[in-house]
Each structure stands twice: as structure tokens, then as C-alpha cells.
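Peer 1: Below: one structure in C-alpha cells.
The values are calculated or read from the model by the stated rules, or taken from the named source; none is laboratory data. Bear in mind that the values here come from a model prediction, so they are computed numbers and not experimental data. Neighbour counts are summed over all protein chains in view; Cβ atoms, including those assigned to glycine, are modelled from backbone coordinates with ideal geometry.
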């Protein structure tokens, strides 16, 4: 493993992205995202993802110097056209207006269109909770999940993320999960290691349950939680697809045309302002949320993101570590 | 079984509620709800629920003549104080303002406070899709579900419902599910029939997995879909509890004080207007949602609510049927 400071990792990430042709602004936003992933030890969303950024660019599936355009769609809606760039800069561009609208209206939506997507949603959600707002985000991906009772890939792994701000500098309550039974990478890992996957993860091409990872990757993954997870995944297709005038996971996959690039689609983000919902009693009710969190922790259950926050603390003290091979691969891209 | 027309069933429901002391307006709203449940053959939310309305009133846990108060909280938020009555009339009172706000702002929230709750959320969601809007609703219940990894009841069965309007008079896409592994009534049914429950439904009082329905009813139910369902259930506690200045499921259970009445708490409902999100291209993108629905149906998967719509059609032709014993019990309450 190669150890380095977050600062050195940032320099490396920026050097790769710049050298490969991303504009300065795109480079900064992308680099911040992969560094945050690496810092929290979400390795698949860390420096490793730079390889994916680069291959998506090489496939001609992302605009490396896109300048997002912000539109004031309605009193409660801000729309950002990412212009074919990665989602990060578009989110950054829309966040101030989303926050202002949420503080004024109580609730507001940010619709990002025409973006290429690879990052975990918790990063965006944490930017919202940092402003004292409640956040919810979701997006389609590429069609690879069969609806419950079906046999063919139609839905994406469609992540859903939620965040709640906490007082006194405490890390926010944030969850971020795929609506598929597992991440696609988990099945790929089983294939590489030649291990069968558990029941309930996927179907073969004929739509039959299979525990062979290669067959499932050719067939369809399954949603988490049966028909309930399937319903949620469908909801995400609708509200982060047609509702915001953008692609479904099936359309995103068709757009990819076997390039194997990151999904191209839209993203829906909601923000709600507790101060606007609660007025003078906001502190009183936010304290009740803290009671709920204590009741979860005290019975030995973990709050979501706990592992990430522990990793973040570790990174603060020890820096990060990535495989030497990955390090060398990145250096060659600079 | 006793067969009757929907009209006769309505007369019976209204007679029971009126005779037991509900005001005319409360009676009308409650009766509409149980009749809609019966019509769609959701028997536990049909005429059977009248017994629950009556016992909740007898326990002094609902105000039978409450007159909801509507407050314009913010440009994007309408708040309705149900004044301790059942939720239905409060929802009715708030709906026009919610719809007007959604059409103007693009997205709006309806927060119902201080309501007693028993009905399925799809009824409210369908009222929203009938207006051409996208709807989302959720509420806490009574604490009976342990968070994933925990051992004690803390979360409610916390339902989540979503609806999407469809063109040409087609029934809307609506789902409505509990974030617990199953409904509590399902476990009670197993206890009555002396049958073990499947793994994954619940824990005994010591927090150990149990397949004994009686032990689980004394212990804790489990969320659906492991930590993902648990995270969703927690989100619902937060956004339909503290965020709107109302009770969590644990607080609702404490308020009940062993009376066994329906939960007392708040409810959060969101509405989004496709026309405001999409402007002139609304029809184009709503057609893409139809393509998604076709792709689900064509591979043999069912759209949620399909069974209800089929039952509704059956009722239209044949009327409803309830057990003779239930009929007699209801007649005695008139």
C-alpha cells in the first residue's frame, strides 16, 4: 500500500484530471469528490474512480470542459443543465439557489439534467446538511435490475440518499443506498473470485434465479426487499427521469451503446428547511430527533454513515492508503 | 357473507359513525375512506375498520367533532391542525391549498398535525394523482419495529406511499407499503392460527430472532430489507415527526398509554406538479413514463395497486361482501 496525505492525494487527482483534458473547474469539483470518498474509505468511490472518469472521457461519453447553466424554473425549482459534464460541478452551481429557495419556500427541488454520474450521493447530501437543511437525492443509473416478478433488466441500481442535520457540530444522519439487492461491483467481485453469490441477488438471462455471478451479470440483478424495493426503484426512475425531463435507466443504457461509460441522465435533489417548517420551536423538535438517534445507538444498532465518520477520523490522523499498483497507474496518467 | 351495494354500505358506515358520536363532517370523511378500502377489497381497511374507529373513540383517544384548522405556513408549506380528530378531514381541508402551492411553486408540502391515524395512504395519494400531481406521503405509527442491528421496538411500521398520474383515464401508478417486514396484522393472524412466522419478521423480548408470533408481538418486529428498510423507517420518523413538529412512534405509543387506540401523530405529504417541472414538454415525458410501465407489465411483473384496481372493477359489477358476523356487529352499533 502507498500511504499519503490528503493534500498529496488531491495534487495527484488534479494532475490526472487536468492532464487527461478536464477543465480547471471540472477538475477541482471531480477531485474534491474522489478525495472525499477516499477520505471516508469508500474505496470504490475514491481515487480508484479516476480510472473511470478517464475511460468515460476516452469513450467520448463526457464533456470535459462543460460549463453548467442554472435556470430558475419555478419558485420551488432550480434546474441545472450540466451540458454533458459530470454531475459535481452542476450540483455546486445549483446548490446556493436550492438552499435559498428551501429557506424561502420551506421545500425546494434541484433538477440536474444531462449529466454523467459516478459519485456517491452522500457527498451532495452532506453539502445540504452542512447548510442546516434536510436533503433527499436520487437518480437512475443504467438498466440492470429486473422489477420484482419480472425477468429482464429495466431499472437501474437507483440510489436513494437522505440527510438530517445535527446540532453541536455532530456529523449528520445520512444514508445512501442502492435500491438493488447489492451493488453491481459486489457481483463482479464474486465473479473475479469465482465464488457463487447468495440467493436473491439476481437472475440469469432466461429470468431464472441464479447464484452464478457471471450469469447474473449477463442477466438481471434483483431489487432489495422484494416488491417494496422494486417500487422504490421505479419511483426513482419516474421522479429523477420523466418528471425532470431526463432519461430513464433503460434510455441511459441505450445512450451508452455498449461503451461501458458512466450513466448519463438526470438527478433530483430535494431540500427542506426545518426553520421554515418549525419556526421558533425548531430547536425543541431537533432535540427530539437526537432522542431518536440515542435510542438507536443505545440498543446497539449503528447509525448509517457511522463507519464513514470513523474512517474520516482515522484519515485525519493517518492519511490515506491506496494499492501501489493503483498509485502507479494514476501516476502514468499524469 | 353478506352482499350489499356500495350505497348501502355507505349508509351503514355513516349510521355507525353518527350514532357513536362523530360529527357530520367527520362521519362523511371517515365513511368515504372505509368505503374506498372496502371497494378495493382491502378488507382490513374496509368496513372492519369502523370497529377500530369506535374503540378509539371509546378509549377517549380521538376527538369526534374536531374541526381542522388550515395554516399557510410558507409559500411551499401548508399546515393543518387536525385538533385531535382522525386524519381524513384534515387531509381534505389541506388538499386544495397543497395543490395550489404545488402548481405555483412546483413542489409543496402538507404537514398534518395532531391527528389520529388509521387509514391506508393510497387513498390520499389517489386524491393527489386525480389532480394530475405526483404525490408522496408517510407517517410514523406506534413503536413496534427494532432498527436493523437493534433489539428493542422503536420505529413504527411507518408506511410510505407514492403516486404518479397517468393519462387517458388510466388508474394511477401508486404504491403504499409498510417499512416493517410485514404488517402487524399478519403476525397477529399467525398467532390466532397457532402457526410459526417466517424468519426475518421479528425478535423476542430479549432481542433474539424468533418465529413464535406471540413472542414477536411482545418483542419487536423487524424492518423490511435489512438496514435499508430500517434507514427508510428512520427517515419517516424524522420527516413526519420532528420536522413537522409532531410525535415519533415512541412518543405516540407513550401517548396511547396502553389504551390500544390508533396512533396519534403527524403526517407529511409532498406534491409535485409535472407541468411546472416540464412546461411544454410535459406530455412528451409523461409518455416516457408510460413506456416504463409497459416494460414492467410486458415482462410479467405487476404494477403496484393492480390487484386493487381489479377488485374495484369487480365491486362495480357485484357490490361488496362482508362476513355476516361483522355485518351484525356493525348493525348493533347503529
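Peer 1: Evaluate the following for residue A:161: is it free of Cβ contacts under 8 Å to residues at least 60 places away in the same chain and not in a helix (DSSP H, G or I)?
Peer 2: Spelling it out, residue A:161 is indeed free of Cβ contacts under 8 Å to residues at least 60 places away in the same chain and not in a helix (DSSP H, G or I).
Peer 1: Sort out which residues of region B:127-154 are in contact with a strand residue (DSSP E or B) (Cβ under 6 Å, 6 or more places away or on another chain), more than 9 Å from every other protein chain (Cβ to nearest Cβ) and either at pLDDT below 95 or within 24 Å of residue A:236 (Cα to Cα) (or both), and write them in order of number.
Peer 2: Result: B:128, B:129, B:133, B:135, B:137, B:138, B:139, B:140.
Peer 1: Go through (1) assigned to a strand (DSSP E or B); (2) surrounded by fewer than 20 Cβ atoms within 10 Å (Cβ to Cβ); (3) within 14 Å of chain B (Cβ to nearest Cβ); (4) in contact with a helix residue (DSSP H, G or I) (Cβ under 7 Å, 6 or more places away or on another chain) one by one and return the number of the condition residue A:71 breaks.
Peer 2: (4)
Peer 1: Check residue A:52 against each of (1) modelled with pLDDT under 95; (2) part of a loop (DSSP other than H, G, I, E, B) and name the one condition it does not meet.
Peer 2: Among (1) modelled with pLDDT under 95; (2) part of a loop (DSSP other than H, G, I, E, B), the lone unmet condition for residue A:52 is (2).
Peer 1: Additional query: Go through the residues of region A:287-308 one by one and say whether even a single one is assigned to a helix (DSSP H, G or I), more than 8 Å from chain B (Cβ to nearest Cβ), in contact with a strand residue (DSSP E or B) (Cβ under 9 Å, 6 or more places away or on another chain) and without any contact (Cβ under 8 Å) to a residue 60 or more places away in the chain.
Peer 2: No, region A:287-308 contains no residue that is assigned to a helix (DSSP H, G or I), more than 8 Å from chain B (Cβ to nearest Cβ), in contact with a strand residue (DSSP E or B) (Cβ under 9 Å, 6 or more places away or on another chain) and without any contact (Cβ under 8 Å) to a residue 60 or more places away in the chain.
Peer 1: While we're on this one: Which of the residues spanning region B:190-213 are surrounded by 15 or more Cβ atoms within 10 Å (Cβ to Cβ) and not in a strand (DSSP E or B)?
Peer 2: B:190, B:191, B:197, B:201, B:204, B:207, B:210, B:211, B:212, B:213
Peer 1: Output yes when any residue across region A:119-136 is closer than 21 Å to residue A:217 by Cα and under 19 Å from the mean Cα position of the chain (by Cα), and no when none is.
Peer 2: No - not one qualifying residue is present in region A:119-136.
Peer 1: Condition test on residue A:31, is it part of a helix (DSSP H, G or I), more than 14 Å from the chain's Cα centre (by Cα), over 17 Å from residue A:2 (Cα atoms) and free of Cβ contacts under 8 Å to residues at least 40 places away in the same chain?
Peer 2: Judged against the criteria, residue A:31 is a match.
Peer 1: Scan region A:166-189 residue by residue and report those that are part of a loop (DSSP other than H, G, I, E, B) and touching a strand residue (DSSP E or B) at 6+ places or on another chain (Cβ under 7 Å).
Peer 2: A:166, A:172, A:179, A:181
Peer 1: Which one is nearest to the chain's Cα centre (by Cα) among residues in region A:275-286 that are more than 8 Å from every other protein chain (Cβ to nearest Cβ) and surrounded by 13 or more Cβ atoms within 10 Å (Cβ to Cβ)?
Peer 2: Looking at the filtered set, the residue picked out is A:275.
Peer 1: Let me ask another. May I ask you to list the residues in region A:310-334 that are loosely packed, with under 12 Cβ neighbours inside 10 Å and in contact (Cβ under 8 Å) with a residue 40 or more places away in the chain?
Peer 2: Residues satisfying the conditions are A:318, A:324.
Peer 1: All but one of (1) within 13 Å of another protein chain (Cβ to nearest Cβ); (2) over 17 Å from the mean Cα position of the chain (by Cα) hold for residue B:170; which doesn't?
Peer 2: (1)
Peer 1: Follow-up. For the subset of region A:214-224 comprising residues that are buried (at least 24 other Cβ atoms within 10 Å of the Cβ) and without any contact (Cβ under 8 Å) to a residue 60 or more places away in the chain, which member is farthest from the other protein chains (Cβ to nearest Cβ)?
Peer 2: Across region A:214-224, the extreme among qualifying residues is A:216.
Peer 1: Tell me the residue from A:230, A:262 that is within 20 Å of the chain's Cα centre (by Cα), outside any loop (DSSP other than H, G, I, E, B) and either more than 7 Å from chain B (Cβ to nearest Cβ) or over 17 Å from residue A:159 (Cα atoms) (or both), please.
Peer 2: Criteria check complete, one pass: A:230.
Peer 1: Kindly list the number of the only condition in (1) more than 8 Å from every other protein chain (Cβ to nearest Cβ); (2) surrounded by 22 or more Cβ atoms within 10 Å (Cβ to Cβ); (3) outside any loop (DSSP other than H, G, I, E, B); (4) at pLDDT 95 or above that fails for residue B:252.
Peer 2: Result: residue B:252 passes all but (4).
Peer 1: Do you know which residues across region A:98-124 are part of a helix (DSSP H, G or I) and either away from every other protein chain (no Cβ under 14 Å) or under 19 Å from residue A:87 (Cα atoms) (or both)?
Peer 2: If the condition is that a residue be part of a helix (DSSP H, G or I) and either away from every other protein chain (no Cβ under 14 Å) or under 19 Å from residue A:87 (Cα atoms) (or both), then A:98, A:99, A:122, A:123, A:124 are the ones that fit.
Peer 1: Run down A:180, A:210 and say which single residue is touching a helix residue (DSSP H, G or I) at 6+ places or on another chain (Cβ under 9 Å) and more than 12 Å from chain B (Cβ to nearest Cβ).
Peer 2: Only one candidate qualifies: A:210.
Peer 1: Here is a follow-up. For region A:296-309, give me each residue that is at negative phi and crowded, with 17+ Cβ neighbours inside 10 Å.
Peer 2: Once the filter is applied, which keeps residues that are at negative phi and crowded, with 17+ Cβ neighbours inside 10 Å, region A:296-309 yields A:296, A:299, A:301, A:303, A:304, A:308.
Peer 1: Looking at B:97, B:101, B:61, B:83, can you tell me which residue is within 30 Å of residue A:274 (Cβ to Cβ) and modelled with pLDDT under 95?
Peer 2: Selected residue: B:61, the only one of B:97, B:101, B:61, B:83 that is within 30 Å of residue A:274 (Cβ to Cβ) and modelled with pLDDT under 95.
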